[in-house]
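Visitor: Got a structure for you, questions after.
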Amino acid sequence: MQTGGHPETVDAVVIGAGPNGLVAANALADAGWSVLVLEAQDSVGGAVRSAEIVAPGYVTDLFSAFYPLAQASPVIRDLHLEEHGLRWRHAPSVVGHAFPDGRAAVLHRSPEDTAAGLEEFHPGDGEAWLALHRQWSRVRGPLLDALFTPFPPVRAMLSVLRTQRAAGLVDLARLGVVPVRRLGSESFGGDGGPALLSGNAMHSDLPPDGAGSGFFGWLLCMLGQDVGFPVPEGGAGVLAESLRRRAEKHGAEFRTGSPVSSVMVRGGRAVGVELAGGGTVRARRAVLADVVAPALYRDLLPADAVPERVRRDLDRFEWDGATIKVNWALDSPVPWSGAGLDGAGTVHLGVDNDGLLEAAKDISLGRVPERPFLLFGQMTTADPSRSPAGTESAWAYTHVPSGMGWQADDLAKHVDRMRSAVEEVAPGFTDHVVGEHVQSPQLLEEWDANLVGGAINGGTSGLHQQLFMRPTPGLGRPETPVAGLFLASASAHPGGGVHGACGWNAARAALAAERPGRALRRALVGTAWDRVLRDPERGR
């Protein structure tokens, strides 16, 4: 890391090659900066990686697997990653909810097909679903721009205002805070619609009766019908590698197996990093950290560089819940009892609508749910390259309380519960298992240091830790109290999910600090980022 006795120097150091770090590297390299990305693991991707860990010929996504936010994000979409090896694949249908009594609700790409299935649960539920979709259609473009641009998203919100009458604005504001359990019960007479909304809301750590969970469930359902729940052909790691190849084409350099031990601060400014293996790298312009906020402020920065108020607020930082994930190799497709589940890429199972609330309550109280809610992925159904013909590469994950330690016996008991939940709605499932691999909360963190205690979203999605309160009150942007240092992880706005916005926002802030206003725009005109900088209405 040193040449001729002098420390290596680049324009920007990016700590961490997760999806946000990869996007940040692309943005800075596109602007002509020299960029070095330092990744502690032996491969890039962070929580976007895949490998054959269960059985030969079966590709397993080690963490995230389905990418509606990536497909919808202007940040990632306009990088044209298909030119760098990425090909999206889709399952025949998007999401299914398997009820314990054998019924199933299915989210299709077509809103009309989804509505037709929900109509069978209760007369009028089909039209109620289409009404939710019409609301989405009215705000889609400016809403997505608001979600994926720095806070406050003034221009995007002005576009939202232009698309809505006063009543529509009130309805949208209410949707932003209503609990998903309430949204489901007031919108539908049957169980199908509420299950689709609530199951998707539970992809986050928000409970069904939690403020904001209605918006999250509605957003994922509408995205499922809009862009689907796509997967990269060949495995999640293909998405990460395509981001790496694109960045390298524009001059960025990557070093894996290179953990950073500290950020160097001189005169109140970040000037480089020290490496755990020895040596330093100087940063002329910026250091961008794709690491969770507590690790940045408590572990990487010297204590005297962090204001007392930030340290105090970090004591209140709340993680999202822990996760247990089980990966399976099956010698046949899953034998679902519910109609339509065989074609769904993602299946929610284990509980009904009331059971969702019970499971969330157990987690909130620090209890392990006796009947866990599972998110189940059928990866070969979505991408036939994932396993041999006639088989299935599958996984399931479930949320559990944080900080439990998970000794071997306790972990084995909960994995038994997870298998039983699948067996209940897919009789004979266990007979088709030819390989199994369990990822405990501890193992998830070992394989990706940002997944602290098995938390997968960089901090809770609760409203008290979103927008200008993420990661701590009063921040809400990638800038940190240290000049030249920018938070680029999911701990920053807009939070968890593979959309790249946290990395793009950090890169944009770093560029703006060097080239304010029009100079920043000139630096990015003609690159993929030109679309993100344009007026949302003209850029759609």
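Visitor: Restricting region 241-264 to residues that are open to solvent by less than 30 Å² (accessible area, probe 1.4 Å) and not small (Gly, Ala, Ser), which is farthest from residue 23 (Cα to Cα)?
Guide: My answer is 264.
Visitor: For region 244-298, what are the residues that are assigned to a helix (DSSP H, G or I), charged (D, E, K, R) and in contact (Cβ under 8 Å) with a residue 24 or more places away in the chain?
Guide: So in region 244-298, the residues assigned to a helix (DSSP H, G or I) come out as 244-249, 293-298.
Next, from what is left, pick out any that are charged (D, E, K, R): 244-246, 248-249, 298.
Selection gives 244, 245, 246, 249.
Visitor: Could you check, for region 411-426, whether at least one of its residues is crowded, with 22+ Cβ neighbours inside 10 Å, in contact with a Pro (Cβ under 8 Å, 6 or more places away or on another chain) and not in a helix (DSSP H, G or I)?
Guide: Yes, region 411-426 has at least one match.
Visitor: In region 448-507, which residues are modelled with pLDDT of 85 or more, part of a loop (DSSP other than H, G, I, E, B) and among the polar types (S, T, N, Q)?
Guide: The answer is 450, 480, 489, 491.
Visitor: Go through 160, 139 for me and flag whichever is more than 22 Å from residue 471 (Cα to Cα), among the aliphatic types (A, V, I, L, M) and modelled with pLDDT under 80. If you could, list the steps in order and put the result at the bottom.
Guide: Working: 139 fails: modelled with pLDDT under 80.
Every option except 160 fails the conditions.
Visitor: Which residue out of 309, 269 is among the charged types (D, E, K, R) and modelled with pLDDT of 95 or more?
Guide: On the way: 309 fails: modelled with pLDDT of 95 or more.
Result: 269 is the single residue among 309, 269 that is among the charged types (D, E, K, R) and modelled with pLDDT of 95 or more.
Visitor: Just one of 90, 84, 108, 97 is buried (at least 23 other Cβ atoms within 10 Å of the Cβ) and touching a residue at least 40 places away in the same chain (Cβ under 8 Å); which is it?
Guide: Going through 90, 84, 108, 97 in turn, just one is buried (at least 23 other Cβ atoms within 10 Å of the Cβ) and touching a residue at least 40 places away in the same chain (Cβ under 8 Å): 97.
Visitor: Of the residues 307, 369, which single one is of a type outside the set (S, T, N, Q), in contact (Cβ under 8 Å) with a residue 12 or more places away in the chain and either more than 30 Å from residue 104 (Cα to Cα) or crowded, with 23+ Cβ neighbours inside 10 Å (or both)?
Guide: The match here is 307.
Visitor: Just to be sure I understand the filter: pairs with C-beta atoms under 6 Å, separated by 6 or more residues or on different chains, first member in region 15-34 and in contact (Cβ under 8 Å) with a residue 40 or more places away in the chain, second member open to solvent by 10 Å² or more (accessible area, probe 1.4 Å) and not in a loop (DSSP other than H, G, I, E, B). Which pairs pass?
Guide: 15/260; 26/246; 31/523; 33/11; 34/10; 34/11
Visitor: Kindly indicate whether any position in region 101-116 is modelled with pLDDT of 95 or more, of a type in the set (Lys, Arg) and over 20 Å from the mean Cα position of the chain (by Cα).
Guide: The answer is yes, given that some residue of region 101-116 is modelled with pLDDT of 95 or more, of a type in the set (Lys, Arg) and over 20 Å from the mean Cα position of the chain (by Cα).
Visitor: Does region 1-10 contain any residue that is modelled with pLDDT under 95, open to solvent by 30 Å² or more (accessible area, probe 1.4 Å) and of a type in the set (Gly, Ala, Ser)?
Guide: Yes, some residue in region 1-10 is modelled with pLDDT under 95, open to solvent by 30 Å² or more (accessible area, probe 1.4 Å) and of a type in the set (Gly, Ala, Ser).
Visitor: Hey, can you tell me all the residues within region 23-58 that are open to solvent by less than 10 Å² (accessible area, probe 1.4 Å), small (Gly, Ala, Ser) and either touching a Phe, Trp or Tyr at 6+ places or on another chain (Cβ under 7 Å) or not in a loop (DSSP other than H, G, I, E, B) (or both)?
Guide: Matches in region 23-58: 24, 25, 27, 29.
Visitor: Any idea which of 391, 380 is on the phi < 0 side of the Ramachandran plot and over 25 Å from the mean Cα position of the chain (by Cα)?
Guide: 391
Visitor: So, in region 127-146, how many residues would count as being farther than 20 Å from residue 201 by Cα and without any contact (Cβ under 8 Å) to a residue 60 or more places away in the chain?
Guide: Number of matching residues: 2.
Visitor: Yes or no: region 377-398 includes at least one residue that is in contact with a Pro (Cβ under 7 Å, 6 or more places away or on another chain) and either open to solvent by less than 40 Å² (accessible area, probe 1.4 Å) or part of a strand (DSSP E or B) (or both).
Guide: yes
Visitor: Go through (1) part of a loop (DSSP other than H, G, I, E, B); (2) of a type outside the set (A, V, I, L, M); (3) at negative phi; (4) under 16 Å from the mean Cα position of the chain (by Cα) for residue 20 and report which single condition fails.
Guide: Here residue 20 meets the rest and fails (1).
Visitor: Give 167, 128 a once-over and let me know the one that is open to solvent by less than 80 Å² (accessible area, probe 1.4 Å) and at pLDDT below 95.
Guide: Of 167, 128, the one residue that is open to solvent by less than 80 Å² (accessible area, probe 1.4 Å) and at pLDDT below 95 is 167.
Visitor: Moving on. Would it be correct to say that residue 288 is crowded, with 23+ Cβ neighbours inside 10 Å, among the aliphatic types (A, V, I, L, M) and either within 24 Å of the chain's Cα centre (by Cα) or closer than 25 Å to residue 192 by Cα (or both)?
Guide: For residue 288, the condition - crowded, with 23+ Cβ neighbours inside 10 Å, among the aliphatic types (A, V, I, L, M) and either within 24 Å of the chain's Cα centre (by Cα) or closer than 25 Å to residue 192 by Cα (or both) - is met.
The values are calculated or read from the model by the stated rules, or taken from the named source; none is laboratory data. These figures come from a predicted structure and were not determined experimentally. No Cβ is skipped: glycine too gets one built from the backbone with ideal geometry, and neighbour counts run over all protein chains shown. Each accessible area value is taken on the protein alone, full model and side chains, heavy atoms only, with ligands, DNA and RNA left out. Shrake-Rupley method; radii C 1.70, N 1.55, O 1.52, S 1.80 Å.
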